[in-house]
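As structure tokens, the structure follows; a few thoughts come after it.
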Amino acid sequence: MCGIVGYVGSRDATEVVINGLQRLEYRGYDSAGIAIYDPTIGLQLRRSVGKLHNLQQRLAAEPTRGQIGIGHTRWATHGGVTEINAHPHRDASGTIVVIQNGIVENYLQLKGRLIELGYQFESQTDTEVIAKLVGLYYHQHRDLVTAVRQTLQELRGGNAIVAFCIHEPDTLVAARLGNAGGVVIGLGDNEQFIASDIPAILDYTRNLIFLEDRDVAVVRRHEVTITHLDGTPVERAIHAIPWDPIAAAKGDYRHFMQKEIDEQPRALMDVLRGRIDQEHGRIELTDIRLSDADLRRVRRIYAVACGTAWHAGLVAKFLIEQLARVRVEVDYASEFRYRNPILQSDDERDALLLAITQSGETVDTLAAMEEARNQGVSSVAIVNAIGSQAARLADGGPIYLHAGPEIGVASTKAFTSMLVAAYLFALRLAQARGTLTPAQIREHIQALIELPGKAAQTIEQTTPLCIKLAERYHKASNALFLGRQINYPIALEGALKLKEISYIHAEGYPAGEMKHGPIALIDEQMPVICIAPRDHIYEKMVSNIEQVRARHGQVIAIGHLGDELLAEKAHHLIGVPATLPLLQPVLNVIPLQIFAYHVAVLRGCDADQPRNLAKSVTVE
């Protein structure tokens, strides 16, 4: 959720940076900071915990002055919500400052190496590791962009950073690694702007450059030069953003759905912020108002949701049962209350309701929460919309996704964020119940930290093939999606995405059930999408693929990168990176979203506003 703003020019940098941070407040944050430089005063650093108003009060008491500066709003990832952990962070000499949006997957190793070299750390953040590395290499090369490039080559994970050094007082260096953090450069008249999102700088310019993966930009008031990480010069197009605020928010994308698919690495990172303690192997869901004792009493969970969120509930069942060993039942919220459910007996107060909803206003889900309350059952809500009814009804507390606004009716980034939020909740339950040790939880945290980068890799590497497959199959009348175990809900979700935005009839099935009916539909015109990662039922999925091939079905397989056997068995293989089996659905669903989107576009459908559908279903 981090907001980044930078400025160099002739204006008051403090005013520009604070104004930009205000435009990014919608993204959520828990602390803020600013660094301004003036040759006669020096480097001025101000940071505060809480809302931006607190930083503004600090600045009123301790003003800053200068024409170059950077600012940041932080949602904690590594380290708690403290002023010392707030950005910007400094190098050992105090002459270089850095702000960052992202997660450094290998920060513990880098920090350990720096400590061996004698460096001391003030904060618990991964960002300070970046600052110290930039300072180390600046001392060697006396060139900021060289120091930033060398630092970036050591970082793992998606990151966006901005740095400046008082010894180069007219220069900002901005860079982007992966898709987990965007960087926008605004071009002005003898002034330049940097931001993590478009709204931050629209008051000053409409001419924008979007940095791509492994771009490094040197930003001075009179010029902007961009190179690849290896120093090779590169040209990036200048985009003139219209004054229409909706078009401005869409940026260079044709549809919001396309934009929101690409935003998933950042959204996955944001759902983790402030909730993982890698060093101690702990999950911190501070919004949940249930103690460890409360969580230990839970013996059964009822997950209720509708549509895409129901598919997230099915995945949550696998996560919670395997990690925390608590039984989970999954219900359509629209059916839940009408079956007069018996949630718990008077002498066994051991049930919990888990409501999953993007909008927090879905009437059926709210009714299910009311039913649980009437029976004395507490509820926890996985929800995106802050302050929504579901968040208020959840007496056990909400788990906010922090995915940002999702405009496209067909959910993409909210769905994958739901899966990660459910994963965190399952780990929190396991932590309270003692079914996982801190060392085991640490392994899961490491996989979660690596997930945004792998999601970015998935988007980049699978999009070209998904476009080609859409060109080949967009005229199909039917499609079948198959998966097993935790990937069966992903088959359901892939089918739902295709049918709701392209209007192609599509069905999702557990692959083992194919021979009990759906196999009759398979012929040479039928694309069959099979989700087959190398897990404990991989051989079963390969057998199902062979059965489809025997009936002349056209097999599109989703599997691990480099799976030669799967490539041989299927007509088309969409390879995705491997992660822990319980996290694999997050990556597996992304190419299904991309495929559905491009099929819809080729069929002339409105991917953002499919016919007969609404984003929030507030009536029965």
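The values are calculated or read from the model by the stated rules, or taken from the named source; none is laboratory data. Computed from a predicted structure; not experimentally measured. Please note: Cβ atoms are built from the backbone with ideal geometry, for glycine as well, and neighbour counts cover all protein chains shown.
So which pairs qualify, if the first residue must be in the range 287-312 and hydroxyl-bearing (Ser, Thr, Tyr), the second must be assigned to a helix (DSSP H, G or I), the Cβ gap must be under 7 Å, and the two must be at least 6 apart or on different chains?
Here the result reads Thr308/Phe415; Thr308/Glu493; Thr308/Leu496, each pair linking the range 287-312 to a residue that is assigned to a helix (DSSP H, G or I).
Out of the residues in the range 75-85 that are part of a loop (DSSP other than H, G, I, E, B) and of a type outside the set (Ser, Thr, Tyr), state the one that is surrounded by the most Cβ atoms within 10 Å (Cβ to Cβ).
First pass over the range 75-85, keeping only residues part of a loop (DSSP other than H, G, I, E, B): 75-82.
Filter again for of a type outside the set (Ser, Thr, Tyr), leaving 75-76, 78-81.
On the way: Trp75: 22, Ala76: 22, His78: 24, Gly79: 19, Gly80: 17, Val81: 16.
Going through the qualifying residues, I end up with His78.
Among the listed residues Ile34, Ile41, which satisfies the condition of being in contact with a Lys or Arg (Cβ under 8 Å, 6 or more places away or on another chain) and more than 24 Å from Phe121 (Cβ to Cβ)? Full working, then the answer.
Numbers: Ile34 fails: more than 24 Å from Phe121 (Cβ to Cβ).
Just one listed residue meets the conditions, Ile41.
Name the residues in the range 543-555 that are touching a helix residue (DSSP H, G or I) at 6+ places or on another chain (Cβ under 6 Å) and closer than 19 Å to Gln485 by Cα, would you?
Taking the range 543-555 as the starting set, the residues that turn out to be touching a helix residue (DSSP H, G or I) at 6+ places or on another chain (Cβ under 6 Å) are 544-545, 555.
Result: Asn544, Ile545.
Taking the condition in the same structural domain as Cys466 (by TED's automatic domain parsing), within 18 Å of Asn478 (Cα to Cα) and without any contact (Cβ under 8 Å) to a residue 40 or more places away in the chain, does His560 pass? Steps first, please.
Numbers: in the same structural domain as Cys466 (by TED's automatic domain parsing): yes; within 18 Å of Asn478 (Cα to Cα): no; without any contact (Cβ under 8 Å) to a residue 40 or more places away in the chain: yes.
The answer is no for His560.
For the list (1) buried (at least 24 other Cβ atoms within 10 Å of the Cβ); (2) part of a helix (DSSP H, G or I); (3) not polar (S, T, N, Q), I need the number of the one condition that Leu482 fails.
So the condition that Leu482 fails would be (2).
Name the single residue that is farthest from Ala355 (Cα to Cα) among those in the range 422-445 being assigned to a helix (DSSP H, G or I) and out of contact with any helix residue (DSSP H, G or I) (no Cβ under 9 Å at 6 or more places or on another chain).
Of the residues in the range 422-445, the ones assigned to a helix (DSSP H, G or I) are 422-433, 438-445.
So of that shortlist, the ones also out of contact with any helix residue (DSSP H, G or I) (no Cβ under 9 Å at 6 or more places or on another chain) come out as 439, 442-443.
Values: Ala439: 29, Arg442: 27, Glu443: 27 Å.
So, considering only residues that are assigned to a helix (DSSP H, G or I) and out of contact with any helix residue (DSSP H, G or I) (no Cβ under 9 Å at 6 or more places or on another chain), the one farthest from Ala355 (Cα to Cα) is Ala439.
Of the conditions (1) surrounded by 20 or more Cβ atoms within 10 Å (Cβ to Cβ); (2) under 13 Å from the mean Cα position of the chain (by Cα), Gly408 fails just one. Which one is it?
Among (1) surrounded by 20 or more Cβ atoms within 10 Å (Cβ to Cβ); (2) under 13 Å from the mean Cα position of the chain (by Cα), Gly408 violates only (2).
Kindly establish whether Ala60 is crowded, with 16+ Cβ neighbours inside 10 Å and either small (Gly, Ala, Ser) or at positive phi (or both). First the steps, then the outcome.
On the way: crowded, with 16+ Cβ neighbours inside 10 Å: no; either small (Gly, Ala, Ser) or at positive phi (or both): yes.
The answer is no for Ala60.
Can you find, within the range 481-505, the residue that is farthest from Val555 (Cα to Cα) among those that are out of contact with any helix residue (DSSP H, G or I) (no Cβ under 6 Å at 6 or more places or on another chain) and of a type in the set (A, V, I, L, M)?
Among those residues, the one meeting the criterion is Leu496.
Can you find a residue in the range 527-545 that is farther than 21 Å from Ile590 by Cβ and touching a residue at least 60 places away in the same chain (Cβ under 8 Å)?
yes
What about Val599, is it in contact (Cβ under 8 Å) with a residue 60 or more places away in the chain, in contact with a Lys or Arg (Cβ under 9 Å, 6 or more places away or on another chain), surrounded by 14 or more Cβ atoms within 10 Å (Cβ to Cβ) and not polar (S, T, N, Q)?
Numbers: in contact (Cβ under 8 Å) with a residue 60 or more places away in the chain: yes; in contact with a Lys or Arg (Cβ under 9 Å, 6 or more places away or on another chain): no; surrounded by 14 or more Cβ atoms within 10 Å (Cβ to Cβ): yes; not polar (S, T, N, Q): yes.
No: the conditions fail for Val599.
Take the residues in the range 527-562 that are assigned to a loop (DSSP other than H, G, I, E, B) and crowded, with 21+ Cβ neighbours inside 10 Å, then tell me which one is nearest to the chain's Cα centre (by Cα).
Filtering the range 527-562 down to residues assigned to a loop (DSSP other than H, G, I, E, B) leaves 532-537, 551-553, 561-562.
Okay, now just the ones that are also crowded, with 21+ Cβ neighbours inside 10 Å, so 532-533, 553.
Values: Ala532: 24, Pro533: 22, Gly553: 35 Å.
Top of the filtered list is Pro533.
Quick check: is even one residue across the range 564-587 on the phi > 0 side of the Ramachandran plot, outside any helix (DSSP H, G or I) and either in the same structural domain as Glu471 (by TED's automatic domain parsing) or not small (Gly, Ala, Ser) (or both)?
Checked against the condition, which is being on the phi > 0 side of the Ramachandran plot, outside any helix (DSSP H, G or I) and either in the same structural domain as Glu471 (by TED's automatic domain parsing) or not small (Gly, Ala, Ser) (or both), the range 564-587 yields no hits at all.
Please work out which residue is modelled with the lowest pLDDT, limiting yourself to the range 318-360 and to residues that are in contact with a helix residue (DSSP H, G or I) (Cβ under 9 Å, 6 or more places away or on another chain) and of a type in the set (Ser, Thr, Tyr).
Ser359
For every residue, the table says whether it meets (1) buried (at least 19 other Cβ atoms within 10 Å of the Cβ); (2) assigned to a strand (DSSP E or B); (3) hydrophobic (A, V, I, L, M, F, W, C).
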| residue | (1), (2), (3) |
| --- | --- |
| Gly66 | yes, no, no |
| Thr73 | yes, yes, no |
| His87 | yes, no, no |
| Ala92 | no, no, yes |
| Glu154 | no, no, no |
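State all residues of the range 107-135 that are in contact (Cβ under 8 Å) with a residue 40 or more places away in the chain and surrounded by fewer than 19 Cβ atoms within 10 Å (Cβ to Cβ); if no residue qualifies, say none.
Here is the first cut: in the range 107-135, the residues in contact (Cβ under 8 Å) with a residue 40 or more places away in the chain are 108, 110, 123-127, 130-132, 134-135.
Across the range 107-135, the qualifying residues are Leu108, Gln124.
Name the single residue, out of those in the range 381-401 being β-branched (Val, Ile, Thr) and buried (at least 24 other Cβ atoms within 10 Å of the Cβ), that is farthest from Val298 (Cα to Cα). Outline the logic, then answer.
If we filter the range 381-401 for residues that are β-branched (Val, Ile, Thr), which is where we start, we get 382-383, 386, 399.
Now restrict to residues that are buried (at least 24 other Cβ atoms within 10 Å of the Cβ): 382-383, 399.
Working: Ile382: 17, Val383: 21, Ile399: 18 Å.
Filtering the range 381-401 for residues that are β-branched (Val, Ile, Thr) and buried (at least 24 other Cβ atoms within 10 Å of the Cβ), the one farthest from Val298 (Cα to Cα) comes out as Val383.
Identify, please: which residue in the range 390-404 is touching a Gly at 6+ places or on another chain (Cβ under 6 Å) and free of Cβ contacts under 8 Å to residues at least 60 places away in the same chain and is, among those, farthest from Thr77 (Cα to Cα)? Write out each step before concluding.
First, the residues of the range 390-404 that are touching a Gly at 6+ places or on another chain (Cβ under 6 Å): 390-391, 402.
Imposing the further condition that a residue be free of Cβ contacts under 8 Å to residues at least 60 places away in the same chain reduces the set to 390-391.
Values: Ala390: 25, Ala391: 22 Å.
This residue is Ala390.
For residues that are in contact with a Leu (Cβ under 6 Å, 6 or more places away or on another chain) and over 23 Å from Arg156 (Cα atoms), scanning just the range 206-240, find the one that is surrounded by the most Cβ atoms within 10 Å (Cβ to Cβ).
Checking each candidate, the answer is Val219.
May I ask you to list the residues in the range 346-397 that are closer than 18 Å to His311 by Cβ and among the charged types (D, E, K, R)?
Listed by number, the list holds a single entry, Asp364.
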